[in-house]
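The values are calculated or read from the model by the stated rules, or taken from the named source; none is laboratory data. Here the structure is a predicted model, which is why all the values come from computation and not from measurement. Please note: Cβ atoms are built from the backbone with ideal geometry, for glycine as well, and neighbour counts cover all protein chains shown.
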Amino acid sequence: MQNFDWKEKYKSKITTAAAAMKLIKSGNSIFIGTGCGQPQHLVNALVEHSSGITDAHVVHLLTMGTAPYADDKFREKFKMNTFFIAENVRDSLARGIGDYTPIFLSEIPRQFETGRIPVDVALISVSPPDANGLCSLGVSVDIVKSATANAKYIIAQVNAKMPRTFGDSFLHVGEIEAMVPFDEDIIEVQQTQPDDVLRRIGQNIARLVEDGSTIECGIGRIPQALVEFLKDKKDLGVHTEMFGDWVMDLIDCDVITCAKKTLNRGKVVASFCMGTKRLYEYIDNNPFFEFYPTEYVNDPLIISQHEKMVAINVGLEIDLTGQVCSDSLGYQFYSGIGGQVDFIRGAARSRGGKAIIALPSTAKNEQISRIVPRLTEGAGVVTTRGDVHYVVTEFGIAYLHGKSIRQRVMSLIDIAHPKFRAKLIQAAKAQKYIYSDQIELDSENVRYPEELETHKTLNDGTEIFFRPVKPTDEAAISEMLYSLSPSSIRTRYMTQTMTFPHKDVQRITNVDYLQNLAIVSTVPAVTGEHIVGIAQYFLDPKTRAAEVAFIVQDEWQQKGMGTLLLEYLTDVAKRHRVKSFFAKVLPTNKPMLAVFYNSGFNVNTEFDGEVYNIKYDIEKQKE
């Protein structure tokens with residue numbers, strides 16, 4: 001009997017788009033469904049049959065189809081307001097047609113509920129009703145569910161091509177005033193192939209994603225670039241505002257299993273998706289996917305309950321203190337706040353979570369830097385300097401949270417494009433962000449040799465990360481040097497006491513990687529890395545002979561660290577055509593003498609009464 005009731009109701013509600021538009025009155029607030037779930041047929045009918053409508057208010061998140069109501073000729077009929085600026089309305093807003101409401105995505109439903117943003121009529125797209133009279137919102141649940149819950153009238157385009165998705169994604173036909181059957185292809189967003197810059201960004205982001213993490217990542221070129229570098233990960237989960245085709249690739253190769261998720265285990269959770277027909281067919285009636293409203297998916301409290309939550313969002317520019325602009329180009333509004341802050345704050349509070357802002361280091365064919373001394377006039381701050389954690393470009397990863405302004409400046413300059421680093425340092429000096437004597441390297445000609453990074457294992461099985469030093473290592477190296485015992489200071493500097501001021505330590509961290517090189521050995525720490533050893537060489541370009549020196553933190557001595565550092569430094573020196581090494585070693589520093597004598601080279605030793613002068617040719621090993 002119940003089946004008969006809803007079917008009869010359904011028949012009574014079937015109508016044409018033209019007839020359904022009569023529900024809309026002048027001055028009404030009209031909500032339009034989101035993204036690729038935009039009811040295109042209804043939108044076209046809205047303007048086609050609007051002869052009697054004036055001053056209607058159109059509100060939406062982002063829509064991917066046409067936006068005829070934003071045309072100048074309909075200015076008297078429709079006042080458009082968007083929560084996120086898609087390409088279809090960007091030009092209209094730039095010309096002063098329409099409006100933009102900056103708001104966290106998680107907070108929009110509350111505006112509907114309270115009536116601060118009224119909804120008189122909701123134009124949405126749904127799948128045909130199932131055996132129980134339930135229609136699925138398909139690819140877009142997001143704020144659509146809340147808009148329909150608070151609308152006076154719901155006009156639904158019933159589209160047989162709309163995927164039937166699970167989760168909190170259903171409306172009963174009894175809730176809908178007018179149902180307009182009209183089948184049309186769901187709007188598609190094609191994948192774009194990432195370039196080398198984006199691939200390097202993806203590779204850097206992947207370094208931050210641990211096995212068992214739950215990730216948030218939208219659509220676009222960066223997620224697509226990231227996929228390639230996640231294929232060796234295990235048991236990733238997904239809790240994301242939106243996703244694209246990339247999710248299928250990672251599911252099909254058993255990377256995304258959702259088996260370790262804290263909430264909604266075994267399910268990919270999102271509020272909407274935008275992709276190709278292949279994606280829509282993939283999610284249709286697929287219980288592995290569940291779509292929920294924004295007030296759940298974007299709730300920072302819900303997000304934070306996922307262990308190892310990794311939130312990946314993008315920025316347009318970032319200033320040297322860490323302020324991120326994501327919604328405008330100067331005074332021109334370009335996109336929107338969206339869910340960036342929701343996920344940044346949620347991931348930051350997750351156990352083992354990581355909040356990431358990713359962006360290419362430059363724009364306009366490398367003509368401008370996205371890392372800037374100050375945000376462009378008119379630019380808005382979406383993620384504050386207090387919220388920012390990880391910033392990723394193609395040149396590396398900067399961790400800013402809890403760091404001083406000087407540390408932030410140096411970290412961001414380190415991942416800026418080399419052609420802009422000198423100007424950024426000069427600007428930072430002018431703004432008194434960094435010391436006036438900060439060394440300025442010829443960044444365009446001094447390249448950080450990432451290819452020299454490697455892992456090695458100590459005698460006790462501890463894995464050590466060896467890499468070239470970076471300018472951002474100054475604080476960590478200073479901390480290490482001040483932790484040395486008096487005996488370690490004497491064996492390295494041949495004096496009883498030593499201070500390590502900025503002007504001296506920065507000479508260790510600012511090197512050209514050719515004539516002056518420093519290698520650090522690190523172990524994981526709360527701050528990311530803890531430096532436990534340093535190896536340096538200083539090359540005489542005429543003789544191709546290099547003076548070498550080593551420092552190992554006291555608790556890491558007698559573990560084979562010195563041997564590994566010498567082997568590493570020797571290998572690098574050979575690549576740079578260094579011919580010989582020489583060093584001064586105190587007689588009491590027997591461990592270091594043993595490292596040289598056991599190096600496999602013919603070591604020449606001379607004692608001058610105070611120190612041993614060590615010298616050997618690194619091109620000739622013992623036979």
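Scanning segment 55-78 for residues that are more than 24 Å from M242 (Cα to Cα) and surrounded by fewer than 18 Cβ atoms within 10 Å (Cβ to Cβ) turns up D55, P68, D71, D72, K73, R75, E76.
The residue list I302, I318, I344 contains one member that is outside any loop (DSSP other than H, G, I, E, B) and over 23 Å from V141 (Cβ atoms), which is I318. Those strands (runs of 3 or more DSSP E) of segment 544-623 in which 3 or more residues are within 19 Å of G533 (Cα to Cα) and in contact (Cβ under 8 Å) with a residue 12 or more places away in the chain occupy 545-552, 580-585.
Listed by first and then second residue, the pairs with beta-carbon distance under 9 Å, at least 6 apart or on different chains, first residue in segment 228-245 and in a strand (DSSP E or B), second surrounded by fewer than 21 Cβ atoms within 10 Å (Cβ to Cβ) and acidic (D, E), are L236/D211.
For the residues T192, T214, the requirement of being hydroxyl-bearing (S, T, Y), in contact (Cβ under 8 Å) with a residue 24 or more places away in the chain, under 27 Å from F395 (Cα atoms) and surrounded by 19 or more Cβ atoms within 10 Å (Cβ to Cβ) singles out T214. Identification of helices (runs of 4 or more DSSP H) wholly contained in segment 395-487 with 2 or more residues that are assigned by TED's automatic domain parsing to the domain that holds G353 and on the phi > 0 side of the Ramachandran plot yields no element. Just checking, does segment 371-381 include any residue being closer than 28 Å to A206 by Cβ and touching a residue at least 60 places away in the same chain (Cβ under 8 Å)? No, segment 371-381 has no match at all.
Condition check ((1) within 37 Å of the chain's Cα centre (by Cα); (2) in a strand (DSSP E or B); (3) under 20 Å from D183 (Cα atoms); (4) of a type in the set (A, V, I, L, M)) across all residues:
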residue	(1), (2), (3), (4)
A18	no, no, yes, yes
G27	no, no, no, no
G37	yes, no, yes, no
V47	no, no, yes, yes
S51	no, no, no, no
D91	yes, no, no, no
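Just one of the listed residues (N159, N204) is among the polar types (S, T, N, Q) and either modelled with pLDDT under 95 or outside the structural domain of I14 (by TED's automatic domain parsing) (or both), and it is N204. Selection of segment 506-522 for residues being part of a helix (DSSP H, G or I) and surrounded by fewer than 20 Cβ atoms within 10 Å (Cβ to Cβ) yields Q506, R507. Inspect segment 276-296 for any residue being modelled with pLDDT of 95 or more, touching a Cys at 6+ places or on another chain (Cβ under 6 Å) and either within 28 Å of G65 (Cβ to Cβ) or assigned to a helix (DSSP H, G or I) (or both) and give the result as yes or no. The answer is no, given that none of the residues of segment 276-296 is modelled with pLDDT of 95 or more, touching a Cys at 6+ places or on another chain (Cβ under 6 Å) and either within 28 Å of G65 (Cβ to Cβ) or assigned to a helix (DSSP H, G or I) (or both).
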